[in-house]
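Enquirer: Right, I'll just put the structure down here and ask away after.
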Amino acid sequence: MENQYGLYLSWEGTIVRLPVNPESYKITKDNDNGTYNVLGVGPIMVPRTPKLQVVSWSGLFPGRADLGAVLTAGGFQPPRFYIGFIQKIMDSRATVRFVANRYLEDGSPIFDSNMEVLVTSFSTEERGGETGDFYYDIQLTEYRDYSPKTVILQQPAAGQPAQASSQPTRAIPQDRLVVGQDVTVNGDYYYSSQGAEPHGTFSGFRGKISRITTTDSQRPCPYHITAPDGAARGWVARSQIQAVTV
């Protein structure tokens, strides 16, 4: 049976599946709790905001597609493709989306991990007797958006206190699809917006638009779809999407 368990990195419309699943990987989430001693009480712990999640593993970029563990034999890419992809992300100081699609051996889905991360560490190693293969270590750290929100300050009448209110939401034209919109999707969905390697098939699937590629009007599948819980699914064409109206 095909191994559907996969780890993916998505950046600027390109979704890359790791060619070989690592032996293991770790997702760490710690709390930054504070411990104090209080007179008459003793040690206490004060809860604080959790630290950023960290994902790390050691893996292999094989030099040949005939290795039994290769999951992308139908679209094999040499190690330089993956190494260049990750190094370009780091050089661009960009965030990347990490997705883990988990399945049991019988093909039953478990649950997915889906988070925006920064590549905080990446190293490669070549070993004697394994020419063409590259071993690597990678660490991804959760990214939290810290951009400020815009508010409109209403000028008060003379002698009255100032009032602040959020900027009203603009109306969305009914024929336009936007990121975050609830949609129903049908048909095949793909690993990339170029429509390469079908990933699965939607049939009346209720999901959300998580990304829209606007840099290239010729891309056949510019809309990326996720499940309502944020789990990544794949890229589809405009004709496959129908907006959900309340």
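The values are calculated or read from the model by the stated rules, or taken from the named source; none is laboratory data. Quantities reported herein were computed from a predicted structural model and do not represent experimental measurements. Note that each Cβ is placed from the backbone with ideal geometry, even for glycine, and that neighbours are counted across all protein chains shown.
Enquirer: Identify the residue in segment 132-147 that is of a type in the set (S, T, N, Q) and under 15 Å from the mean Cα position of the chain (by Cα) and, among all such residues, is nearest to P78 (Cα to Cα).
Expert: Going residue by residue through segment 132-147, those that are of a type in the set (S, T, N, Q) are 139, 141, 147.
Checking which are under 15 Å from the mean Cα position of the chain (by Cα) leaves us with 139, 141.
On the way: Q139: 21, T141: 26 Å.
Only one residue fits best here, namely Q139.
Enquirer: State all residues of segment 216-239 that are more than 26 Å from Y103 (Cα to Cα) and of a type in the set (S, T, N, Q); if no residue qualifies, say none.
Expert: Across segment 216-239, the qualifying residues are S217, Q218, S239.
Enquirer: Now a separate question. Restricting attention to segment 95-117, which residues are touching a Leu at 6+ places or on another chain (Cβ under 8 Å), of a type in the set (A, V, I, L, M) and not in a strand (DSSP E or B)?
Expert: Once the filter is applied, which keeps residues that are touching a Leu at 6+ places or on another chain (Cβ under 8 Å), of a type in the set (A, V, I, L, M) and not in a strand (DSSP E or B), segment 95-117 yields only I110.
Enquirer: Tell me, yes or no, whether segment 206-226 has at least one residue that is surrounded by fewer than 18 Cβ atoms within 10 Å (Cβ to Cβ) and either in contact with a His (Cβ under 8 Å, 6 or more places away or on another chain) or in the same structural domain as L71 (by TED's automatic domain parsing) (or both). Lay out the reasoning, then the answer.
Expert: We begin by selecting, within segment 206-226, every residue surrounded by fewer than 18 Cβ atoms within 10 Å (Cβ to Cβ); these are 206, 212, 214-220.
Keeping just the survivors that are either in contact with a His (Cβ under 8 Å, 6 or more places away or on another chain) or in the same structural domain as L71 (by TED's automatic domain parsing) (or both) gives 212.
Scanning segment 206-226, I find at least one residue that is surrounded by fewer than 18 Cβ atoms within 10 Å (Cβ to Cβ) and either in contact with a His (Cβ under 8 Å, 6 or more places away or on another chain) or in the same structural domain as L71 (by TED's automatic domain parsing) (or both), so the answer is yes.
Enquirer: Look through G63, G84 and report the one residue that is farther than 19 Å from A100 by Cα, of a type outside the set (D, E) and in a loop (DSSP other than H, G, I, E, B).
Expert: Details: G84 fails: in a loop (DSSP other than H, G, I, E, B).
Checking each option against the conditions leaves just G63.
Enquirer: Just need a number here: residues in segment 214-246 that are more than 15 Å from the chain's Cα centre (by Cα) and not in a strand (DSSP E or B).
Expert: Of segment 214-246, the ones more than 15 Å from the chain's Cα centre (by Cα) are 214-222, 236-246.
Still in the list and also not in a strand (DSSP E or B): 214-222, 237-240, 244-246.
Total meeting the criteria: 16.
Enquirer: Before we move on, is R17 in contact with a Leu (Cβ under 8 Å, 6 or more places away or on another chain) and either in contact (Cβ under 8 Å) with a residue 12 or more places away in the chain or within 19 Å of N114 (Cα to Cα) (or both)? Before the answer, list the steps.
Expert: On the way: in contact with a Leu (Cβ under 8 Å, 6 or more places away or on another chain): yes; either in contact (Cβ under 8 Å) with a residue 12 or more places away in the chain or within 19 Å of N114 (Cα to Cα) (or both): yes.
Judged against the criteria, R17 is a match.
Enquirer: I would also like to ask the following. Which numbered condition trips up S193, out of (1) outside any strand (DSSP E or B); (2) out of contact with any Ser or Thr (no Cβ under 9 Å at 6 or more places or on another chain); (3) crowded, with 18+ Cβ neighbours inside 10 Å?
Expert: So S193 meets the others, but not (2).
Enquirer: Since T214 meets every condition but one in (1) within 15 Å of E12 (Cα to Cα); (2) at pLDDT 85 or above, which condition does it not meet?
Expert: It is condition (2) that T214 fails.
Enquirer: If I ask for residues that are at pLDDT 85 or above and loosely packed, with under 12 Cβ neighbours inside 10 Å, which ones from segment 97-107 would you list? Explain how you work it out, then say what you get.
Expert: Taking segment 97-107 and keeping what is at pLDDT 85 or above, we get 97-104.
Result: L104, single match.
Enquirer: Taking only segment 70-81 into account, find how many residues are over 11 Å from L18 (Cα atoms) and either in contact with a Ser or Thr (Cβ under 6 Å, 6 or more places away or on another chain) or in a loop (DSSP other than H, G, I, E, B) (or both).
Expert: 1
Enquirer: Related question: Which residues, taken from segment 106-127, are over 20 Å from A231 (Cβ atoms) and of a type outside the set (G, A, S)?
Expert: Residues of segment 106-127 over 20 Å from A231 (Cβ atoms): 118-127.
Listed by number, the residues that qualify are L118, V119, T120, F122, T124, E125, E126, R127.
Enquirer: Continuing with this model, one more query. Read through the list (1) modelled with pLDDT of 90 or more; (2) not in a strand (DSSP E or B), then give the number of the only condition that V185 fails.
Expert: Status for V185: all satisfied but (2).
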